[in-house]
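Take a look at the structure below.
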Amino acid sequence: MSRITYQQACLDALAEEMRRDPRVWALGEDLGRGGVFGQYRGLVAEFGPERIADTPISEATIMGAAVGAALVGTRPVVEMRFSDFALCAVDELVNQAAKARFMFGGQARVPMVIRQPIGMWRSSAAQHSQSLEGWYTHIPGLVVVTPATAADNKGLLKSAIRCDDPVVYMEHKDLWQVPDDVPDGPDHLVPLGKARIAQAGSDCTIVTWSRMLSVALQAAGALAKDGLEAEVIDLRTLWPWDRQAVLDSVARTGRLIVAQEAVVVSGFGAEVAATVAEELGPRLKAPIRRLGSPRAPIAYSPPLEDVLRVTADSIADTAKRLCASG
Amino acid sequence: MQPSPERQREMLRQMQTIRRFEERASDDYHGGAIYGVVHCYIGEEAVAVGVCSTLNRDDQIISTHRGHGHCIAKGADLNRMMAELYGRETGYCKGKGGSMHIADFGIGMLGANGIVAGGIAIVTGAGLAAQLDGKGRVAVSFFGDGASNAGPFHESLNIAAAWKLPVIFVCENNLYAAQTSAAETHAQEDIAARAHGYGIPGVIVDGNDVLAVHGAAAKAVARARAGEGPTLIECKTYRWRRHTERVNQPDFRPEHEIEVWLKKDPIARLVAHLKSQQGQLTDAEWQEMDRQVLRGIEEAVGFAKSSPFPKPEAALEDVFAS
């Protein structure tokens, strides 16, 4: 076990997978210069510019070329810099990568990882802050991964690279420098589709993912001081998602809060909430609550940006009300 | 170098196969046995056949929504193609793709594509993989004049040129992007001229002359295999039929224009060429060739009709590989 950052963890993961499998390579803007967040630092020295390929700013063709290279047997890792920029390549992702296997009757495999960091990060404003993970869960054929910790950013990225389907891999920009205890060695894999109970509790269930995990854990800490035990579940993967882990937890606690950074309207939290309502409705002790961003573009100025954030206080207050009402 | 007479007769047979296949597909579409939408390639056969006649089995191509010709020219099986159009389990895509998505990865046919310009970047990636692989494979993108106005065309030409990828960009300029004429939507008439901006050869060729297409493609393929990078080939051609077989929209093209192009029939042209060469093709041989082609189409229809529809549960299969 080593104490390393979320950034170092994914760097290690990619390097290990590139050593393990010569078909794995990466392409995107500035990768030879370490990537926009340093998550590719040093890789070009080890693997050369053919496997750490610097591209022009041509998102559609970066994505499309990766689809083509995946169809013929390589395993590309595509870097989009920001999830906002990946929107220039949605056709290639949604119409091509996600559908090739199905529409060609199972002939095709599209083993590619599409890295597109999400989230609010130092007043980056409307076009560099979005959390669009929910969009991709709507698309059959895509796997969607949202690591919340350094250990998971290693284990999930490795699983994503080994996956034979297109994986939309969404790191959170505010987590790059956050350290965690990460298992050493190349065998640390975190399976896709398995949630993690980050903290056990019996009074209410808080389902979350990505950076919101740390906020939810803070809330759980505050609730503990008031004698309330919150169970915090990190989904880790949004598609496939671990329905059973959530249903088991809410069946025990009878109360559910879904906390997400994304706009709450049509966010993935709605899917979680609807599923729990359908499966456990009459057994719930209190109404389900979703917390997320209001439906507004993300503002630049810190006090404005803060309006859109879900805080530990808001999660804790919501949990207290739910527990009081049941 | 001109292909041998034997090879030219094979090219003729392929072109006639494309034409007869689509005549039948169109009839059966209007008869209700083929569903959705069918885009016919009739009139443009010389492009697919001329280009694919320069390729090896492991070279890769990507086609467009108008893809039957490219499939046949690359060597696809008519039975499985027709079964796909009929929506049957034995089709290339198990009935999940239809006319616009026929693929045969075993022969390097990476799929017809329903998105205009959708294949250009994918081929660029196949070319990139071929370069990494170092075995001399090339990748060919077929696309229309309409696609040449979409962003990925420009992005892909730039990347392929910058990295000297073994890719051949084949623009089938049939003068219309769906219903709208290229004359109204292109800043300049010749799409090949855009190659200059990316520092690669841009070649204009008579797309109704299969030997001319073959010659231009052979040169581009040799250049690509030698590691010298991509070529843009613009084939000036024309589709005889409307944009799609769906009759919900009128054909806006002027009749006199269609008549002019009907006279430039690429198949009649090759037939005349072969007949003019002593002993290369007789009337009787040509008639026999056509009869064989028609028999092959009839067999394909029989195969399709006798094949079962997919089971309903297949609608949810093949979404993920893992």
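The values are calculated or read from the model by the stated rules, or taken from the named source; none is laboratory data. Quick caveat, the model's predicted, so the values are computed rather than measured. Methodologically, a virtual Cβ is constructed for each residue, glycine included, from the backbone with ideal geometry; neighbour enumeration extends over all protein chains shown. What goes into the accessible areas is simple: the full protein's heavy atoms, side chains included, and nothing from ligands, DNA or RNA. Shrake-Rupley method; radii C 1.70, N 1.55, O 1.52, S 1.80 Å.
The table below lists the values:
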| quantity | calculated |
| --- | --- |
| q = 0.12, 0.22 Å⁻¹: log10 I(q)/I(0) that the Debye formula gives for the stretch B:1-121, counting C-alpha atoms only | -0.40, -1.29 |
| Nonlocal amide H pairs with A:Ser293, under 5 Å, H built at 1.01 Å | A:Ala262, A:Val263, A:Val264 |
| Scattering profile of the stretch A:3-48 at q = 0.18, 0.21, 0.30 Å⁻¹ [log10 I(q)/I(0), Debye over alpha-carbon scatterers] | -0.49, -0.67, -1.21 |
| Cα radius of gyration and Dmax for the stretch B:180-320 (Å) | 21.2, 58 |
| Relative intensity, log₁₀ I(q)/I(0), of the stretch A:2-182 from a Debye sum that treats every alpha carbon as a point, q = 0.09, 0.16 Å⁻¹ | -0.27, -0.91 |
| Nearest-10 value in Å² for the accessible area of A:Asp226, using the 1.4 Å probe | 90 |
| Sequence-separation-based contact order of the stretch B:13-151, relative, with Cα cut under 8 Å and 6+ spacing, percent | 24 |
| The stretch A:196-325: projected area of the alpha-carbon convex hull, averaged over directions, in nm² | 7.6 |
| Of all DSSP beta bridges in the stretch A:2-182, antiparallel share, percent nearest 5 | 20 |
| Charge dipole magnitude, Cβ of K and R +1, D and E -1 - the stretch A:196-325, Cα centre, debye nearest 20 | 160 |
| Extent along principal axes [Cα atoms of the stretch A:128-264; Å; largest to smallest] | 44, 34, 31 |
| Per principal axis, descending, Cα span of chain B in whole Å | 58, 52, 41 |
| Sequence-distant residues sharing a close amide H with A:Leu238 (under 5 Å, placed H) | A:Val144, A:Val145, A:Thr146 |
| Rg to Rh, two decimals, where the stretch A:109-178 supplies the alpha carbon set and Rh follows Kirkwood | 0.99 |
| Crossing angle, helix A:212-225 versus chain A [Cα axis fit, 0-90 degrees, rounded to tens] | 20 |
| Dipole in debye (nearest 20) - the protein assembly as shown, about Cα centre, beta carbon charges: Lys, Arg +1; Asp, Glu -1 | 540 |
| Whole-Hz couplings from phi, Karplus 6.51/-1.76/1.60, listed for the stretch A:53-60; x for Gly and Pro | 8, 8, 10, x, 7, 9, 4, 4 |
| Phi to ³J(HN,Hα) by Karplus 6.51 cos²θ - 1.76 cosθ + 1.60 over the stretch A:126-139, Hz, x for Gly, Pro | 5, 9, 9, 9, 6, 10, 9, 4, x, 3, 6, 5, 7, 9 |
| Accessible-area order (highest first, 1.4 angstrom probe) of the listed residues B:Asp145, B:Asp58 | B:Asp58, B:Asp145 |
| Along each principal axis, Cα extent of chain A, largest first, Å | 60, 42, 39 |
| Label point at B:Gln278 placed 7 Å out along Cα→Cβ; residues across the stretch B:1-41 whose backbone nitrogen lies under 17 Å | B:5-6 |
| Projected area averaged over orientations for the stretch A:235-291, convex hull of C-alpha atoms, nm² | 3.7 |
| When the stretch B:178-223 is reduced to its Cα atoms, the Kirkwood hydrodynamic radius in Å | 12.3 |
| Area of B:Thr185 that stays accessible when all protein chains are in place (1.4 Å probe, Å², to 10) | 70 |
| Fraction in percent of alpha-carbon pairs per bin - 10 Å, the stretch B:163-254 | 16, 40, 29, 13, 2 |
| In degrees, nearest ten, helix A:243-253 long axis to first principal axis of chain A (Cα) | 20 |
| Distance from the stretch A:1-73 to the stretch A:243-298 (C-alpha centre basis), Å | 35 |
| Under-5 Å amide H pairs with A:Arg75, H placed in peptide plane, nonlocal only | A:Val24, A:Trp25 |
| Gyration tensor (Cα) of the stretch A:83-202, equivalent ellipsoid semi-axes in angstrom | 25, 20, 13 |
| Residue-averaged [θ]222 nm for chain B, counting only DSSP H segments that reach four residues, each worth -39500 (n - 2.57) | -13500 deg cm²/dmol |
| Rg/Rh (Cα only; Kirkwood hydrodynamic radius) as it applies to the stretch B:207-261 | 1.19 |
| Distance (nanometres) between label positions extended 7 Å along Cα→Cβ at B:Glu189 and B:Asn248 | 3.5 |
| Positive dipole terminus of the stretch B:147-219, leading residue within B:His214, B:Ile191, B:Ala162 (C-beta point charges) | B:Ala162 |
| Mean Cβ count within 10 Å, highest first, over the residues of peptides B:301-308, B:108-115, B:266-273, A:98-105 | B:108-115, A:98-105, B:266-273, B:301-308 |
| Shielding by partners, peptide B:111-122 (average Cβ within 10 angstrom, other chains) | 6 |
| Vicinal HN-Hα couplings computed from phi for the stretch B:311-322 (Karplus, 6.51 cos²θ - 1.76 cosθ + 1.60; Hz; Gly/Pro x) | 6, x, 5, 5, 4, 9, 9, 6, 6, 10, 7, 10 |
| Equivalent ellipsoid, the stretch B:37-81 (semi-axes from 5 times Cα gyration tensor eigenvalues, Å) | 17, 13, 9 |
| Average other protein chain Cβ within 10 Å of Cβ, residues B:144-157 | 3 |
| Structure-based [θ]222 nm, chain A - -39500 (n - 2.57) summed over DSSP H runs of at least 4, per residue, nearest 500 | -11000 deg cm²/dmol |
| Cross-link reach list, lysines versus B:Lys305, counting only Cα pairs under 29 Å and skipping chain neighbours closer than eight places | A:Lys99, B:Lys74, B:Lys94, B:Lys96 |
| With 10 Å bins from 0: P(r) over the protein assembly as shown, alpha-carbon pairs, percent | 3, 15, 23, 22, 16, 11, 6, 2, 1, 0, 0 |
| Surface share of carbon and sulfur [accessible, 1.4 angstrom probe, percent] for chain B | 51 |
| Peptide A:46-58, shielding by other chains (average Cβ, 10 Å cutoff) | 2 |
| For the stretch A:2-182, size of Cβ-based charge dipole, Lys and Arg +1, Asp and Glu -1, in debye | 280 |
